[in-house]
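Below is one structure, written out as structure tokens; the observations come after it.
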């Protein structure tokens, strides 16, 4: 049913109806309600699935990284690749996000920061980091990426690989200064 929701959103955009999803899934509208729930539940299920896809891709790329800087860059690239592949879904969620219950928003964001916590744990010496730093850094990273991805998907202002290089360098270098003299620390401020 989630795949049908993805397909219907890609076809209809933010105006997608439960009828569109039912038609795409080749089921009745009541079946969509019984399976997923109302429109808000569809939005949440779609956001959860997109988060799962991003995290799966990010984890796979992180594992291939040669060092911390490379791992972080690969995570950024994985995020962009998935969100480009799922452009209509991402832009749909961006447009309807304010319709989602605040508690659900918080849960979805918390699940999304899991993509960034592992790199942060390797960037900061736990003995030097104040309490909550990893979570704050992860929320800030998620917010920065959301802003950049939204602008890039709607304006396509430079090649994707350059955007990935820019945001990875910006976020990684800012994170690396916090407590670890990692591989790129000497370039901060250049």
Go ahead and collect, in residue order, the members of the range 51-86 whose backbone nitrogen is under 15 Å from a label point 7 Å along the Cα-Cβ direction of residue 128. none
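Determine the gain in length on full extension of the stretch residue 15-residue 139; use 0.36 nm per residue of separation and subtract their C-alpha separation, reporting nm with one decimal.
Values: separation 124, 0.36 × 124 = 44.64 nm, distance 2.91 nm.
Net length gain for the segment: 41.7 nm.
Could you give the length gained by full extension between residue 99 and residue 48, i.e. 0.36 nm per residue of separation minus their alpha carbon distance, to one decimal place?
Working: separation 51, 0.36 × 51 = 18.36 nm, distance 1.52 nm.
Result for the pair: 16.8 nm of gain on full extension.
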Roughly how many nanometres apart are two label points built 7 Å out from the Cα toward the Cβ at residue 109 and residue 64? 3.1
So, for the Cα atoms of the range 1-66, Rg and Dmax in Å stand at 14.4, 50
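Since every read-out is calculated from the coordinates, none of them should be taken as a lab result. From a predicted model like this one, the values you see are computed outputs, not experimental measurements. Every residue, glycine as well, gets a Cβ built from its backbone with ideal geometry; the counts of neighbours run over all protein chains shown.
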